[in-house]
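Colleague: Have a look at this one before I ask anything.
The values are calculated or read from the model by the stated rules, or taken from the named source; none is laboratory data. From a predicted model like this one, the values you see are computed outputs, not experimental measurements. So basically every Cβ, Gly included, is an ideal-geometry build from the backbone, and we count neighbours across all protein chains shown.
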Amino acid sequence: MTNAIYFGKFLVTKQVFYQSKYSYALVNLKPLVPGHVLVVPLRRSVISLADLTVEENDDYFRTVQLIHKFIKLHYSADSLNIAIQDGPEAGQTVPHLHTHIIPRYRLNNIGDRIYNLLDEWTYEDWQSRREAYITAGGRNGRKQLAKPDDQRIARTEDQMVQEAEELREALSDFQKGDLKIS
Ligand code: AMP
């Protein structure tokens, strides 16, 4: 993983813990829960799922499934949310396709409020459509249940690099078959 890898305008090379031919997985700047990671196509001009070529799409969903299996095992999750917010009206804030992989648990389950939390992330430069969506209320009915993005603390680069190293090593064991899914 020597080449610079971008998530939208962000340089995220050190946060990447898996890379395939056309895709990669990275640790999140502001995870909703531990183990909330993102799967992204390497090509930056892919904003929407519809922008993937057939070959990229195949590689992308293989990667989503691999990271799904790995994160479920590594974080002992009972379930996972696999979410794509495709377009600003759907809550997308970084104009580069990404799939959220979010561990969920039987205990302390917050149900569908996870989608409010996903919805709270804001990114100032992402076009006026996003602002119009927010102004119009977004997921207005349930917004008060979500923790506002400015109350979630961004992690330091060191924290993210450390997590990426741990996940890279654990994923490598997982791929060798040293770890098994229950
Ligand atoms: P969405 O609202 O679906 O576009 O999700 C954007 C996601 O990107 C959120 O989970 C953010 O925490 C995450 N994010 C934003 N900037 C970065 C970054 N520089 N590195 C890692 N994750 C990021």
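Colleague: Could you please find all residues in the stretch 15-39 being in a strand (DSSP E or B) and either hydrophobic (A, V, I, L, M, F, W, C) or within 9 Å of Ile102 (Cα to Cα) (or both)?
Modeller: The answer is Val16, Phe17, Ala25, Leu26, Val27, Val37, Leu38, Val39.
Residue-by-condition table, conditions (1) crowded, with 17+ Cβ neighbours inside 10 Å; (2) free of Cβ contacts under 8 Å to residues at least 60 places away in the same chain; (3) in contact with a helix residue (DSSP H, G or I) (Cβ under 7 Å, 6 or more places away or on another chain):
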position	(1), (2), (3)
Asp51	no, yes, no
Lys72	yes, no, no
Ser79	no, yes, no
Ile82	no, yes, yes
Ala90	no, yes, no
Tyr105	no, yes, no
Arg113	no, yes, yes
Leu117	yes, no, no
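Colleague: What helices (runs of 4 or more DSSP H) completely inside the stretch 79-182 contain at least 3 residues that are modelled with pLDDT of 95 or more and within 30 Å of Asp59 (Cβ to Cβ)?
Modeller: 157-176
Colleague: Looking for something of a type in the set (Phe, Trp, Tyr) and part of a loop (DSSP other than H, G, I, E, B) - is there at least one such residue anywhere in the stretch 61-72? Working first, answer last.
Modeller: If we filter the stretch 61-72 for residues that are of a type in the set (Phe, Trp, Tyr), which is where we start, we get 61, 70.
Still in the list and also part of a loop (DSSP other than H, G, I, E, B): none.
Checked against the condition, which is being of a type in the set (Phe, Trp, Tyr) and part of a loop (DSSP other than H, G, I, E, B), the stretch 61-72 yields no hits at all.
Colleague: A further question on this structure: Evaluate the stretch 26-39: report whether one residue or more is farther than 17 Å from Met160 by Cα, within 16 Å of the ligand (Cβ to nearest atom) and modelled with pLDDT of 95 or more.
Modeller: no
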